[in-house]
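The values are calculated or read from the model by the stated rules, or taken from the named source; none is laboratory data. Note that the structure is predicted; figures quoted are calculated from it, not measured. Here the Cβ is made from the backbone with ideal geometry for all residues, glycine too, and neighbour counts use every protein chain on show.
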Amino acid sequence: MHKIGVIPGDGIGPEVIREARKVLDAVMEKRDLSLEFEEFPLGAGHYLQTGETVSEETLQRLARKKAILLGAMGDPRVKPGILEKGILLRLRFHFDQYVNLRPVRLYEGVPNPLAGKNKKIDMTVVRENTEDFYVGLGGRVRGGLSKSAFELIRRAYEVKFDVGIDLQNETELAFQIGVISRHGARRVIEYAFQLAKMKELKLVTSVDKANVLTEVYGLWREEVDVLAAKYKIKREFQYVDAVALHMVRSPERFQLLVTPNLFGDILTDLGAALQGGLGFAPSGNINPSGVSMFEPVHGSAPDIAGKKKANPVGAILSAGLMLDTIGEKEAAADIERAVMQVLKSRKFRTADIGGKTSTPKVGDAIVSRVLSRR
Ligand code: NAD
Ligand code: IPM
Ligand code: MN
């Protein structure tokens, strides 16, 4: 039996998580698989009522789960960052989910944005998930001399920063510090090479901007070289701007991309576009020896929330990725197969790809494929 924490969250989060739960119920019925769900009402509603993002007690309860399934965070009524940083990033950092695994695969039957090109799109993005410009160190200073002190606390290390700023002839500035630690780079890059080896891939592409952000991504590159030699897998370095170009022009050339946090965030929305749209993209925030958390790549989509228009496929594939990661390989394969059959039939399409099928009807179609014998 696996205990699963469920955080539906904001906007379309609860709508797509409902469908993912239905599909998980179906695989439980089909296989000898037992999952026990507990819902956590984190998000805008809870925050607006109580002023709390996530409590210590909730973190402790989540820590006892095998995995977490999350919808989305973010609400127009709440200032940007409060829920995203206060809940989503808090959970990623607290559980030290240092890998953000984002498969980019275009399934048959999904309209290809690179129309007419008929390109095979199947790559894995391994995004670092605890460092870079996401560490949240920064501030604003106005006039004269100021000093700021920061602490960066991660499971494996604690670092203190003292920043003195003398605004000589400028009135105001804002700054934000990006951090790549040796440990932080090594562990996610090692994960990427291990995955490449397991999948028998021939090439790992490292994404950075080492021509400008020479310190942080210089260190990153050193670790890529160490691990490429250790795993005897070919590696290439590409600047993030060039990767954006190549992902559109020749996506078939990529097998696995390993990328620092911020570039990985941006490139996986581009990747989502290649796989049919944000509604198709799954992800896993993974701590290989801890509690991992699975969520679609998309956000709370306030523009379509409550209209039964959301595409639930990304959330359903995220539930599949969750089962795969916790070792339930057959059940995970059932989910992917059912999704593939439904997409291939072209009969159940949400509005994002020009269809009229509602969110629950797409979920129902996938459930019935899971349960059918064929
Ligand atoms: P978004 O991903 O919510 O939406 C971008 C566009 O894609 C919108 O037009 C939306 O309607 C569409 N879209 C997204 N998911 C879809 C789906 N499943 N089916 C059909 N269409 C879909 O990004 P945004 O608008 O930039 O952000 C909205 C809020 O979500 C913000 O508060 C943001 O911070 C937050 N956000 C959260 C996450 C997360 O929880 N992981 C990710 C991204 C953004
Ligand atoms: C994502 C989101 C988050 C990120 C935000 C909401 C903090 O965009 O999961 O891709 O930047 O990681
Ligand atoms: Mn994003």
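Computed quantities for the displayed model
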quantity: Sole residue being assigned to a helix (DSSP H, G or I), away from ligand 2 (no atom under 12 Å from the Cβ) and at pLDDT 95 or above, chosen from 243, 258; calculated: 243
quantity: Among the residues listed as 170, 151, 158, the single one being farther than 30 Å from residue 43 by Cβ, of a type in the set (Asp, Glu) and free of Cβ contacts under 8 Å to residues at least 24 places away in the same chain; calculated: 170
quantity: Tally of residues being farther than 25 Å from residue 137 by Cβ and surrounded by fewer than 19 Cβ atoms within 10 Å (Cβ to Cβ) across region 46-66; calculated: 9
quantity: Qualifying position, being away from ligand 3 (no atom under 16 Å from the Cβ) and either assigned to a helix (DSSP H, G or I) or over 30 Å from residue 96 (Cβ atoms) (or both), among 290, 363; calculated: 363
quantity: Meets criteria (at pLDDT 95 or above, aromatic (Phe, Trp, Tyr), within 16 Å of ligand 3 (Cβ to nearest atom) and outside any loop (DSSP other than H, G, I, E, B)) for residue 237; calculated: no
quantity: Selection status of residue 318, crowded, with 24+ Cβ neighbours inside 10 Å and part of a loop (DSSP other than H, G, I, E, B); calculated: no
quantity: Selection within region 54-74 - over 20 Å from the mean Cα position of the chain (by Cα), in a loop (DSSP other than H, G, I, E, B) and within 27 Å of residue 305 (Cβ to Cβ); calculated: 55
quantity: First in region 75-87 and in a loop (DSSP other than H, G, I, E, B), second anywhere and within 8 Å of ligand 2 (Cβ to nearest atom) and of a type in the set (Gly, Ala, Ser), Cβ under 9 Å, 6 or more apart; calculated: 80/74
quantity: Search result, residues across region 67-89 that are more than 10 Å from ligand 1 (Cβ to nearest atom) and crowded, with 18+ Cβ neighbours inside 10 Å; calculated: 67, 68, 69
quantity: Counted residues, region 262-308 - those being of a type in the set (Ser, Thr, Tyr), more than 12 Å from ligand 2 (Cβ to nearest atom) and touching a helix residue (DSSP H, G or I) at 6+ places or on another chain (Cβ under 8 Å); calculated: 1
